[in-house]
Each structure stands twice: as structure tokens, then as C-alpha cells.
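Below you'll find the structure, written out as C-alpha cells, and then a few comments.
Laboratory data are not the source of any read-out in this text; all were calculated from the coordinates shown. Since the structure is predicted, the reported quantities are computational estimates derived from the model, not experimental observations. Counting neighbours? That spans all protein chains shown, and the Cβs are built from the backbone with ideal geometry, glycine included.
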Amino acid sequence: MTLKMIGLTCGIAFGFLLGWARLTDYDVIRDMLLLRHADVFLLMMSAMLTAAIGVRLLRALNVRSVLDHAPIAWTTQSPRRQHVIGGVVFGIGWSLAGTCPGPVAAQLGRGQIAAVFTIIGLLSGILIHDVLRSRGAITSRRAAGEPVAVAGL
Amino acid sequence: MEILTIRAPWYLAGPAIGLLIVLLLWLTNKPLGAMGGYIELDDWVTRRRGDVGWRTIFMVGVIGGGFLSALAAGSRPTLGYGSFDQLFGATVAVRALILVGAGALMGVGGRLAGGCTSGHGLCGTSFGSPASVLCTATFMGTAIGCTFAITWILGLPQ
């Protein structure tokens, strides 16, 4: 199994779950953000709780990862200003579009044409950020995966 | 398999997504997230990387998974986008522009924050990353406030 094969398989599972739970529906997200229904919050919290317990079990049992045979580990980041600023900008976009980067791809697969426009915007926004940073207008760290602090609760 | 045709209840889909985070970490030692796929795609298109990244392949999988979920439910392709169409303007062009703008905000913001609702909101928080907890609280609070504000400005019933 290669990393890309695993990525594809897990992606299909993730996309199916997002679609099956209808997190791809504008009104499901809007009703969540208007605090009308608790189910999406419950979904997110149960996902977080399951993952939190599961990954700590893997680590406690000294399990090694299938691909690189390294001990299971992850990095955590210290809070920075860019997390708040980015979070505010992201939150406004999420509210307007009624979808976010994961579910919008599942929307596309479900044949919701609106997703095409949101995805064009997403890809453009990332490029805009990169251009602004290369001109010194933004001084954030480069990427998601780059650890600021290596720890682990 | 009738359960696949209706909407999954949160207590099935939530833990399943949680297990998927565990599975991906066990297989690859890498966190689950969506933003990385778009970033890698941009980097590939602008020749900053030589090949398609695995996170982009992951997102191609998400498109495929979405397709399968529609197949299971028997839903068809649609131009409509729920109540968004009634909320935001009369013409398709206006609605498309709003979506492009909203997407761009998520692109800039998600890039700046280093993650999105999946990467920070689900995965980072479960890993206990303080930055993810702060970021998730910020975009969740902003999105809730913004949605109430839009509803109020447009003069719609709550």
C-alpha cells in the first residue's frame, strides 16, 4: 500500500460519511450555525471524542504506523495570532458559503454545481495568501503541517 | 441497506469519522485534513511541486465518496443550493460571485490558520493541539455570529 492509495481510500470513506450525514447540505450547516439543531455539533463532538481516545490508545499500546513502521505520534501547535485572524476570516467564508473545504468536495461529487464556485474561490484564496506572503504583506508560517511545538497531550 | 438511503444519524457518522482519523494515523502517521489537498493542488499547478500530492489524491477520494453517497441516496445533480438561493440575490451570477468570494475567504483564512474545520476542528482538537482549540473556537464563534448577522440584515425570521 502506498501513501496515495491510502489517501484515496480514506478520502472516499470521508467523502461518503460527509455526504451520508448531509453535511453537504447548505441548510444543515445553516441550521447548525443558527443553533437550531444540535446534531452537527453532536456529530463533531462524538468524532473528536472517538478520535481522541483512539489515537491515545494506539500510542499507549506502542503501535507502529503501517506505512513507515515508526511509533504513532503527532505534533501540536502553540496558539498564535495567525490562528485567530485566520479563524475569523475562515469563519466568515464558512458562514457565507454554508460549507467548508472538506464537505465542498463531497458536494461536487454529489453533483451540486454550486461547489464549483466555492472551490474556485478556495484555490484562488490560497494563491492570494501566497502572493501576499511572498510580498511581505503576510508573515505567517508556511504550512499546516509544520509544527510550532512538538508535544502531545 | 436502507440506512444508506436516509441521512446518517450523528451517533453513527460522528464516531465513524473519529475512527477514520484513528485509521489514517495508524496507517500513515499523518493527521486528517482537507486544506492540504487544495494547497498541494495549487503548488502543483504553479509548479512549486513536481507531482500530485497525496492530500490532493485524498480530496479526489472525497469527491468520489460524495458521489457514492448520492448514488446510495438516489439523489441527482442539481443547480439548486437549498435556501442559499432565496437568501442571496436573484441572479445566478450574483450567487456564484458570493460563493467565489466566500471560498476565497476560506482559502486565505484556512491557509493563514493552517487548517480548516476538518484539520483543526476535528483532527487537531482530538490531538489536543492548543492552536487547533483556539482556531476552532474562533471560526465557530465567527461563523455563528456571522450567520445570525446575515439573517438579521436580510430581515429574515430567525
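Peptide B:3-9 shows a mean partner chain C-beta count of 4 within 10 Å per residue C-beta. Taken as Cα centroids, region B:130-148 and region B:40-72 sit 26 Å apart, rounded to the nearest whole angstrom.
Peptide A:50-63 has a mean shielding of 5, counted as Cβ atoms of other protein chains within 10 Å of each residue's Cβ.
Averaged over its residues, how many other protein chain Cβ atoms are within 10 Å of peptide B:43-53's Cβ atoms?
Details: counts 4, 0, 2, 2, 0, 1, 0, 0, 1, 1, 3.
The per-residue average across the peptide is 1.
Put in order of Cβ neighbour count within 10 Å, fewest first, the listed residues B:3, A:72 become B:3, A:72. The residues A:76, B:78, A:2, when put in order of fewest to most other Cβ atoms within 10 Å, stand as A:2, B:78, A:76.
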